[in-house]
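What follows is a single structure, written as structure tokens, with notes after it.
Derivation of every value follows stated rules applied to the coordinates shown; laboratory data play no part. Computed from a predicted structure; not experimentally measured. Please note: Cβ atoms are built from the backbone with ideal geometry, for glycine as well, and neighbour counts cover all protein chains shown.
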Amino acid sequence: MSNLVQRFKYPGDQAIVNKLANHIETSNESELFHIDVYSLANQWNVSKKDLLELFIRGLHEGIFRMEWEYHCPRCGGIANETLFIHEAKSINCCDICKIEFSNKLDVNIEVFFSIHPEVRNISLEFKDNYLKSNKDNITATKMIRWKNPFSIYGVDIIQNPVFRELMEGEVLAPDQSLELMKCTLLFTDIKGSTQMYNDLGDSRAFQLVREHFRIIFEVIKRSNGIPVKTIGDAVMGAFSNKTEGLKAALEAQKSLIEFYRSKPENEKIEVKIGLNSGTTIIVTLNGKLDYFGSTVNMAARIQSIANPNEIVLPMNIFEDEECNEIISSYAKTITKSKTTFKGLNGEYNVYHIVLN
Ligand SMILES: [Zn+2]
């Protein structure tokens, strides 16, 4: 058992690792098939986030394996099942309903962890019974209700910073994409970086830019988001909900302003931040999962109108009740302005936030 404990390589509280290792050793087979991670977290009085991280580490170490299930939006049945993301398809077909549907990470894709057969060999019967009971339910009731408060969705895995770090190679096939109905994108950029590269030389300037990446990446991860990539001196981050994205934007700006306050004038970096929220698609680009679509483009455009040390938000984030409360606890000034975006009709309301 001690061997199993070490295999997790979990940097947090070892008491959770001991509990989980003990659970694996002592549970009967049925409890190790489709393990109910979030119920266990409740039972053990640990955070869902910490236990999910531990399962992801276990996945990486070959203690668990994952099952991705693609539910039919009409009957709820399992239209497809894969062990890896790279086997996922944009579109699946339900044999019962005879319909085609596109897969959505936060709507119809459910993820399970089961013990890896090399750790405990559980009989195939469990899976057969599970699939059969799903089918039987549909025959009897015309649909199954699979969603419950403990469901883990595809988005919870794909947008988990530990998963993205450890399982970097787990990406979609080049010709496939998955939809994400709710995503918040954050873009940052540096004010006058050309000037800084000229004044300090490439090497010193890059050192400073890298330091500012580190600060932004840390804040994104702390807010349960993932740093998707850097583009030149800019950063792109993704979040599953508006409030976490907003908190990251505010905290990043606050941390950066504090960090540069005492620095010499020519080494001060000022950052412009923009956020946007909406639907996106996830694809693989340059061997990594990446985000595409009009929500992403708009996030970049919103960022481009921010002034240094500001955060600019669209109406759908600013007017969200929970977001509005968070903003009022950080903002010194809020300025509403109307703007147009090249290629898009009409005027858009945006809000410029300056921190306390
Ligand atoms: Zn169906």
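Expressed in nm to one decimal, what extension gain is obtained for the pair Asp95 and Asp202 from 0.36 nm per residue of sequence separation less their Cα-Cα distance?
Numbers: separation 107, 0.36 × 107 = 38.52 nm, distance 5.87 nm.
So the chain would gain 32.7 nm between Asp95 and Asp202.
For segment 177-355, what is the percent of antiparallel DSSP beta bridges, rounded to the nearest 5? Walk me through the numbers before you get to the answer.
Values: 39 of 41 bridges.
Restricted to segment 177-355, the bridges split so that about 95 percent are antiparallel.
Work out the P(r) tail for segment 42-109: percent of alpha carbon pairs separated by more than 14 Å, whole number.
Values: 1462 of 2278 pairs.
Within segment 42-109, distances greater than 14 Å cover 64 percent of Cα pairs.
Just to be sure I understand: with springs between alpha-carbon atoms less than 10 Å apart, which residue in Gln253, Gln14, Gln176 has the highest mean-square fluctuation in the Gaussian network model of the chain?
Of Gln253, Gln14, Gln176, the Gaussian network model singles out Gln14 as fluctuating most.
Could you grab the Rg to Rh ratio for segment 177-355? Cα atoms only, Kirkwood for Rh.
Values: Rg = 15.9 Å, Rh = 16.5 Å.
Ratio of gyration radius to Kirkwood radius for segment 177-355: 0.96.
Which of Ser102, Ser90, Ser328 moves most in a GNM of the chain, Cα contacts under 10 Å?
Ser328
Applying 1/(1 + (r/R0)^6) with R0 = 56 Å to the Cβ-Cβ distance of Glu118 and Thr194, what FRET efficiency is obtained, to the nearest 0.05? Display every interim value, and only then the final one.
On the way: r = 54 Å, r/R0 = 0.97.
So the FRET efficiency works out to roughly 0.55.
Name the long-range amide H neighbours of Lys288: under 5 Å, sequence gap of 5 or more, or other chain; modelled H, no Pro or chain starts.
Residues meeting the criterion, in which the H sits 1.01 Å from N, do not exist here.
Beyond 18 Å, what percent of the Cα pairs of segment 20-168 remain? Intermediate results must be reported in sequence, preceding the final value.
Values: 6455 of 11026 pairs.
Percent of Cα pairs beyond 18 Å in segment 20-168: 59.
How many angstrom separate the Cα center of segment 320-356 from the Cα center of segment 180-225?
Comparing the Cα centres of segment 320-356 and segment 180-225, I get a distance of 21 Å.
Can you divide the C-alpha Rg of segment 297-356 by 2.2 N^0.38 Å and report the result to two decimal places? Mind dumping the intermediate values first?
Details: Rg = 11.6 Å, N = 60, 2.2 N^0.38 = 10.4 Å.
Against the empirical 2.2 N^0.38 Å value, I get 1.11 for segment 297-356.
Hey, what angle do you get for helix 14-26 against the long axis of the chain, alpha-carbon based, 0 to 90 degrees rounded to 10?
20 degrees
Starting from the coordinates of the alpha-carbon atoms of the chain, obtain the Kirkwood hydrodynamic radius over all distinct pairs and give the value in Å to one decimal. It would help to have the intermediate numbers written out before the result.
Working: mean 1/r = 0.0447 Å⁻¹.
In the chain this quantity evaluates to 22.4 Å.
Kindly work out what percent of the DSSP beta bridges joining two residues of the chain are antiparallel, to the nearest 5.
Numbers: 56 of 59 bridges.
Expressed as a percentage, antiparallel bridges in the chain total about 95.
Report the residue, chosen from Tyr70, Tyr130, Tyr291, that carries the largest GNM mean-square fluctuation when the chain is represented by alpha-carbon nodes joined by springs under 10 Å.
The residue that fluctuates most here is Tyr130.
Stokes-Einstein at 37 °C, 0.692 mPa s, Kirkwood radius from Cα pairs: D for segment 115-222 in µm² s⁻¹? Don't skip to the answer; put the middle values down first.
On the way: Rh = 19.6 Å.
Value of D from the Cα-based Kirkwood radius: 168 µm²/s.
Let me make sure I get this right: for segment 1-100, a, b and c are the square roots of the gyration tensor eigenvalues over alpha carbons, sorted descending. Under 1.5 in a/c it's rounded, otherwise prolate if a/b > b/c, else oblate. Which is it? Mind dumping the intermediate values first?
Numbers: a/c = 2.59, a/b = 2.24, b/c = 1.15.
Note, shape of segment 1-100 comes out prolate.
Which value at 222 nm does the chain reach when only helices count, each DSSP H run of 4 or more adding -39,500 (n - 2.57), with the total divided by all residues and rounded to the nearest 500 deg cm²/dmol?
Values: 14 runs with 146 residues, N = 356.
That calculation yields -12000 deg cm²/dmol at 222 nm.
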